[in-house]
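Heads up, the thing below is written out as structure tokens.
Throughout, read-outs are computed from the coordinates displayed, never taken from laboratory work. The model shown is predicted, which means the values in this text are computed figures rather than measured ones. Note that each Cβ is placed from the backbone with ideal geometry, even for glycine, and that neighbours are counted across all protein chains shown.
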Amino acid sequence: MGRALRRVVYNEQDIARRVRDMGTEITSAYPDGDLLVLGLLKGSFIFLSDLVRQITRPLQVDFLVASSYGDKTFSSGAVRLLYDPETELEGKHILLVEDIVDTGRTLGRLMDLLKARNPRSLEVCALLHKHIATELKHPTRFVGFDAPNEFLVGYGLDHAENFRHIPYIASLQ
Ligand code: PRP
């Protein structure tokens, strides 16, 4: 699979415990209204599936696939959705689920687009946050872990599409 792992950063127990607490926090943050949990693919697929099972109030699930134009270092204000949620967003609480906030570019591009759909509220939930984004207009309301500034893989996160399936989060050599 190319690169070797350096160290386990969050093991399965750390992740399960934190995801359970986040589910509790999210459940009490939305006492009423329709909640739509929107997972940003592909990185969020494992986190999202564990998280929604820890939220004990009614919700709907849908996904977003955003194009990064193949070059993540190019900071364009534009975003193109390769998959646009079929569920109606207007009037609902939207919780956008990310695996990791790194530079914050992905979020910066998506939030304006989602706001334009007139949701009742729009918040971000990220399992990992590196806190290195300098121009993040929209704060991340729910954060799992303040992550070290290393290249992290596992639990959905990849390096060249590898490592997404490992059940813990590790850094690469
Ligand atoms: C990764 C990750 C986040 C984003 C974070 O996605 O899943 O969505 O980068 O980085 P940023 O804060 O610097 O924008 P990627 O584009 O690699 O796609 P993937 O989810 O399919 O792995």
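Quick grid of which residues meet (1) surrounded by fewer than 21 Cβ atoms within 10 Å (Cβ to Cβ); (2) more than 12 Å from the ligand (Cβ to nearest atom):
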{"residue": "140", "(1), (2)": "yes, no"}
{"residue": "147", "(1), (2)": "no, no"}
{"residue": "156", "(1), (2)": "no, no"}
{"residue": "165", "(1), (2)": "yes, yes"}
{"residue": "173", "(1), (2)": "yes, yes"}
Matching residues in the stretch 55-69 (within 20 Å of residue 92 (Cα to Cα) and surrounded by 15 or more Cβ atoms within 10 Å (Cβ to Cβ)) number 6
Looking at the stretch 32-49 only, could you name the residues that are in contact (Cβ under 8 Å) with a residue 12 or more places away in the chain and surrounded by fewer than 19 Cβ atoms within 10 Å (Cβ to Cβ)? 33, 34, 41, 42, 45
Cross-chain or 6+ apart pairs with Cβ under 8 Å, the stretch 97-114 first and of a type in the set (Ser, Thr, Tyr), then surrounded by 20 or more Cβ atoms within 10 Å (Cβ to Cβ): 106/40; 106/98
When you scan the stretch 123-135, do you find a residue that is crowded, with 16+ Cβ neighbours inside 10 Å and more than 15 Å from residue 44 (Cβ to Cβ), even just one? yes
